[in-house]
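In what follows, a single structure is set out as structure tokens and then discussed.
The values are calculated or read from the model by the stated rules, or taken from the named source; none is laboratory data. The model shown is predicted, which means the values in this text are computed figures rather than measured ones. Cβ sites come from the backbone with ideal geometry, for glycine too, and all protein chains shown count toward neighbours.
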Amino acid sequence: MIVVVDYGVNNLASVVRALAAGGHPAALTTDPDEVRRADHLVMPGVGNFGQASRTLAATGLGDAVRDVAARGQAVLGICLGLQLFFAASAEAPDARGLGILDGTVVRFDVARPVPHVGWARVEPTAAGRRHPALQPVFRGEPRFFYHVHSYHPAGLPPDDVLATGDYDAVFPTLVGRDNVLGAQFHPEKSQRAGIELLDAFARWRP
Amino acid sequence: MLARRIIPCLDVAGGRVVKGVHFAALRDAGDPVEQAARYDAEGADELVFLDISASPEARRTTLEMVGRVAEAIFVPFTVGGGIRAVADAGAALRAGADKIAVNTAAVRDPDLVPRLAESFGSQCVVAAVDVKRSDGRSTVMVNGGREATPLEAVEWIRRLEALGAGEILLTSMDRDGTGEGYDLPLVRAASAAVGIPVIASGGAGRLEHLAEAFEAGAHGVLAATIFHYQGSSLPEARAFLRARGYPVRP
């Protein structure tokens, strides 16, 4: 079963609908035990890192997500959901993330409007082109995905960067290691490309 | 690199998509949910839903319709018309909108813009500006184009950026529904005045007009007539613009 973690953030229904559009029913839950039973886990998110990390700790959902990731099930973080996979973020320096991925989260440091909003060209890296869940999405070519964010992943091991965007500075926008994937953009708002990415994730057996 | 956006607009009144000329002489253009689903399937980059009866008739945005449209599409979705307070915006966002467009309410109460930006982020706040030219002046109009304000368009747009708007939806009332092309001097002046994206609206009648607006500095083009009635499809529009070197999605 695909489980979508409901930890009090927005855009959950659109993630469930985009999975359904690819033929994959998904359950929304606030229950850590149900999260632990997931064979595919999606952690969406729009909001603040500090607030969300406190909610994950207080509800026990954070530990449940960590358990599913450690068990080797396919896990996908979206936007803030991805950022919470790191141990820390510049958005809330005192808050603790889940520490599932190595690296951190930084704010855009560019002479352009922040947040970065729009359809950004996403270029797969060599590691991304080889990735079994991403290969059918990119087939070696860049695609456009819808981004809305002020912060982005940084300082990852090079092999964990699967695709990048460019907003006066190249930034990782698809990352992952082993059974964990994360998208800084919103597949649920990225039309066909996004539905295909969620479909490929749902079919992935890491 | 960000793709330039092609944005079909659904003007909705009485539960139907309508389209007029100079904001009047409305005619029917179909069911909002069907139209939205079709534009999404054809690759629209975003959709804008304006409840054009909301402001004049003091009616709240039709949230139920917003919810049904949101369920039919997989692209960012802007909702405007009748949003006067943070609570109205919150209700539209909960119904499935990704962004909120404000127009009349921002003129009457400019502090609404920073309140919306603080509550939902500036990426959520679209400042819609309706403009009518007279005596060499570009005047901001409100209340569905019925009422002139003392505001000059480009000055007001600068102020909206300072107040925290995330983008400007700039509609020429003079060109609305005419198919004569966008008001390019206005688009050029507005795009040069602010760092946030300017979406050109009003007047698109041929695919060349979309390219002209990009050339004038618009980050996106809003169009209704050209897609509702004139048989131009979104795939055609994208192919046309791509062939002219504009970065649009394939």
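Here are the numbers for this structure:
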quantity	calculated
Qualifying residues in segment B:20-39 (those that are crowded, with 21+ Cβ neighbours inside 10 Å and not aromatic (F, W, Y)) - the one nearest to the other protein chains (Cβ to nearest Cβ)	B:A36
Single unsatisfied condition, A:V65 versus (1) within 16 Å of A:P153 (Cβ to Cβ); (2) in contact with a strand residue (DSSP E or B) (Cβ under 7 Å, 6 or more places away or on another chain); (3) buried (at least 24 other Cβ atoms within 10 Å of the Cβ)	(1)
Single residue of B:A192, B:A153, B:A92 found to be surrounded by 21 or more Cβ atoms within 10 Å (Cβ to Cβ) and modelled with pLDDT of 95 or more	B:A153
Sole residue being in contact with a Ser or Thr (Cβ under 9 Å, 6 or more places away or on another chain), hydrophobic (A, V, I, L, M, F, W, C) and within 30 Å of A:R37 (Cβ to Cβ), chosen from A:A120, A:A88	A:A88
Residue count for segment B:167-183, restricted to those that are closer than 24 Å to B:G231 by Cβ and not in a loop (DSSP other than H, G, I, E, B)	2
Hey, A:G118 in contact with a strand residue (DSSP E or B) (Cβ under 7 Å, 6 or more places away or on another chain), assigned to a strand (DSSP E or B) and within 30 Å of B:V248 (Cβ to Cβ) or not	yes
Those residues of segment B:98-140 which are crowded, with 21+ Cβ neighbours inside 10 Å and either on the phi > 0 side of the Ramachandran plot or hydroxyl-bearing (S, T, Y) (or both), in sequence order	B:T104, B:S122, B:S138
Subset of segment A:1-22 [in a loop (DSSP other than H, G, I, E, B), out of contact with any His (no Cβ under 8 Å at 6 or more places or on another chain) and either within 14 Å of chain B (Cβ to nearest Cβ) or of a type in the set (A, V, I, L, M, F, W, C) (or both)]	A:G8, A:V9, A:N10, A:G22
Among residues of segment A:43-63, those that are free of Cβ contacts under 8 Å to residues at least 60 places away in the same chain and more than 12 Å from A:I100 (Cβ to Cβ), counted	14
Count - residues of segment A:102-156 that are without any contact (Cβ under 8 Å) to a residue 24 or more places away in the chain and within 14 Å of chain B (Cβ to nearest Cβ)	4
Residue list for segment B:1-19, filter: outside any strand (DSSP E or B), within 14 Å of chain A (Cβ to nearest Cβ) and more than 17 Å from the chain's Cα centre (by Cα)	B:M1, B:A3
Contacts under 8 angstrom Cβ, first residue in segment A:181-204 being over 15 Å from A:P136 (Cα atoms) and at the interface with chain B (Cβ under 8 Å from one of its Cβ atoms), partner charged (D, E, K, R) and surrounded by fewer than 24 Cβ atoms within 10 Å (Cβ to Cβ), 6 or more apart	A:E188/A:R17; A:Q191/B:D40
Single residue of segment A:11-33 satisfying the filter (of a type outside the set (A, V, I, L, M) and crowded, with 16+ Cβ neighbours inside 10 Å) that is nearest to A:E188 (Cα to Cα)	A:S14
Some residue of segment B:187-197 being more than 14 Å from chain A (Cβ to nearest Cβ), within 15 Å of the chain's Cα centre (by Cα) and farther than 18 Å from B:V48 by Cα	yes
Restricting segment B:201-250 to residues that are touching a residue at least 60 places away in the same chain (Cβ under 8 Å) and of a type in the set (D, E, K, R), the residue that is farthest from B:L2 (Cα to Cα)	B:R238
Filtered residue count, segment A:154-206, keeping only those that are among the small types (G, A, S) and crowded, with 22+ Cβ neighbours inside 10 Å	7
